[in-house]
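The values are calculated or read from the model by the stated rules, or taken from the named source; none is laboratory data. From a predicted model like this one, the values you see are computed outputs, not experimental measurements. As a convention, Cβ positions derive from the backbone with ideal geometry for all residues, glycine included, and neighbour counts pool all protein chains shown.
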Amino acid sequence: MEQISKKPDAHHQRIAAIVVAAGSSKRMCGVDKVFVEVAQRPLLAHSVQILEDAPEIDDIVLVVNSRSIEHARDLSVGHGWQKVREIIAGGERRQDSVRKGLEILGDVKWVVVHDGARPCLSRDMLVRGFEAAHETGAAVAAMPVKDTIKVVLEDHRILKTPSRDQLWIVQTPQIFRQTLLSEAHQRVTEDVTDDASMVECIRGTVKVFMGSYDNIKVTTTEDLAFVEILLTDRITATKRTAL
C-alpha cells in the first residue's frame, strides 16, 4: 500500500495545496470575507498558516478574486509564507478556480483542495486525510449528519425522509492524486459543487475521513461571529499548552 510521505526524503512525493478563495461574497454585502479580521488575523490566514506549517505540504497556490490579488500578496509577504508559490485570479465557477490552480502546478503527486473560507482547518485533519487518500487516491473531510433530513418538493411538501445512517456533511480539505483530479477536471464540464463530485462522475472511488463540526464554511456575518469564538478558544488553548 502506497504511503504519502510525511517529511522530505529521497523518495518524497510532492504535495501541493490549492486554497480556493475567489468567491463573490454576495451574502457578506460585497465585502471579500476572506480578508475580514477574525481572531487577530484575516480569515484566510488561519487555514493558510496551518498548510504553511504542515511538513507534508510543499507548495501552496492561492486562488482569489481578481480584485484581491494585491491584498493577498501583501498578506503572504506580511506573514512570511514561504510555501505560497503563486497567487492567481479565480474563474467564473469554483471548479474553474480549482482548474486554474491545477494548471500551474508543477510535478506534484498529491493535491489538497481547501476552501479559504473554512478557517478551522487543523493539522490532525490533514493527517487523517493523507491516511485516507492513499487507499483510493481521493479522500474528503466529512461529518455524519446529526439532524433529520427531509427531501422536499417545490411546493414545500415533504417527499421522503432518508435515513441518516449513510448521510454525511462534506467539507474540505479534499485530497486527490494529481493525475486523478486533473483527469476529472478535463472530462467533467457540467456544474458541480465540489471536486469529489467530479471524481465520482468519472467513476473514481472517494473515501471520507472525519473532519470536524467546527470546520464550517463562512458565508454570513453570523458565521464570522461563531468562528471568532472557535478560533479564539483554539489560540488560547495553544498558548496554555506552550506555557
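Quick notes on this structure:
- Filter result for Gln95 (in a loop (DSSP other than H, G, I, E, B) and out of contact with any strand residue (DSSP E or B) (no Cβ under 6 Å at 6 or more places or on another chain)): no
- Filter result (closer than 22 Å to Val19 by Cβ and in a strand (DSSP E or B)) within the range 163-206: Ile169, Val170, Gln171, Thr172, Pro173, Gln174, Ile175, Phe176, Arg177
- Whichever residue in the range 31-45 is free of Cβ contacts under 8 Å to residues at least 60 places away in the same chain and closer than 14 Å to Thr221 by Cβ and, among such residues, is nearest to the chain's Cα centre (by Cα): Asp32
- Of the residues making up the range 187-230, those that are within 15 Å of Val140 (Cβ to Cβ) and basic (Lys, Arg) are Lys207, Lys217.
- Looking across the range 118-162 at every residue that is in a helix (DSSP H, G or I) and basic (Lys, Arg), the one that is surrounded by the most Cβ atoms within 10 Å (Cβ to Cβ) is identified as Arg128.
- Hits in the range 52-78 - residues which are under 20 Å from Leu121 (Cα atoms), surrounded by 15 or more Cβ atoms within 10 Å (Cβ to Cβ) and out of contact with any Pro (no Cβ under 9 Å at 6 or more places or on another chain): Glu52, Ala54, Glu56, Ile57, Asp59, Ile60, Val61, Leu62, Val63, Val64, Ala72, Ser76
- Restricting the range 90-117 to residues that are touching a residue at least 24 places away in the same chain (Cβ under 8 Å) and surrounded by fewer than 15 Cβ atoms within 10 Å (Cβ to Cβ), the residue that is farthest from Ala22 (Cα to Cα): Asp107
- Within the range 170-186, restricting attention to residues that are in contact with a strand residue (DSSP E or B) (Cβ under 7 Å, 6 or more places away or on another chain), more than 13 Å from Thr136 (Cα to Cα) and not polar (S, T, N, Q), the residue that is surrounded by the fewest Cβ atoms within 10 Å (Cβ to Cβ) is Val170.
- Residue among Arg67, Arg73 that is farther than 19 Å from Met198 by Cα, among the charged types (D, E, K, R), modelled with pLDDT under 95 and not in a loop (DSSP other than H, G, I, E, B): Arg67
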